[in-house]
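The structure appears right after this line, and notes come after that.
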Amino acid sequence: MLAPVADRLSLVPLLRFIPVPLLQPILSLIATQVARSQPDIFLRLGPHAQKTFIIDPTDLPFVLLLKPRPEAPALSACRRAEAAQAHARIAGTFLDLFRLIDGSLDGDALFFSRDLRITGDTEAVVALRNALDDIDGGLVQAVTGSFGPLSPIAAMTVSHFRSLGGRSSHER
């Protein structure tokens with residue numbers, strides 16, 4: 001029997017082959033647009049807005065470095081071995097991390113099932129989670145809307161990831 005269409009056409013494996021420098025313009029746009037459209041996020045982060053977070057999609061060859069500073073928010077990608085020190089690290093599979101920010105997966109359940117690993121400043125991670133949960137319309141909607149004329153393509157990509165997210169990472 002053939003695998004479901006979402007499995008056969010999955011974009012997730014393709015992410016492994018994207019050169020890290022090609023991700024940077026997209027990540028910069030995301031950081032800038034989220035900060036511009038959701039300035040209250042920095043108030044929710046409080047003193048943790050000056051901290052550095054590593055978001056580690058463990059099934060991809062890169063990590064994301066998030067510096068949510070109000071004066072110059074930054075989101076960048078780097079190879080795992082090149083990752084700088086951070087105050088906190090949040091690690092899980094790409095789809096689990098996506099489902100977490102999409103709101104389709106409970107962070108506590110993911111953490112207690114050990115599919116999400118947090119190291120470092122857990123108070124900062126809780127503040128980040130609460131700040132992201134408070135974004136009007138959700139973080140994913142804020143991000144897809146930031147792509148201007150390319151927003152429909154971003155929305156289709158998100159829809160694709162959502163179709164993959166219906167199954168747990170253990171079922172794949």
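Label points 7 Å out from Cα along the Cβ direction at residue 58 and residue 156: separation in nm?
Modelled inter-label distance: 3.3 nm.
Compute the FRET efficiency between residue 69 and residue 36 as 1/(1 + (r/R0)^6), taking r as their Cβ-Cβ distance and R0 = 22 Å, and round to the nearest 0.05.
0.95
Percent of accessible area on segment 21-134 owned by carbon and sulfur, 1.4 Å probe?
It is 59 percent, rounded to a whole number.
For segment 25-133, report the accessible area per residue in Å² (1.4 Å probe, heavy atoms, rounded to an integer).
50
The values are calculated or read from the model by the stated rules, or taken from the named source; none is laboratory data. Since the structure is predicted, the reported quantities are computational estimates derived from the model, not experimental observations. Heads up, the Cβs are rebuilt from the backbone with ideal geometry, glycines too, and the neighbour counts pull from every protein chain shown. Areas reflect the complete protein model, heavy atoms only, side chains present, ligands, DNA and RNA absent. Shrake-Rupley method; radii C 1.70, N 1.55, O 1.52, S 1.80 Å.
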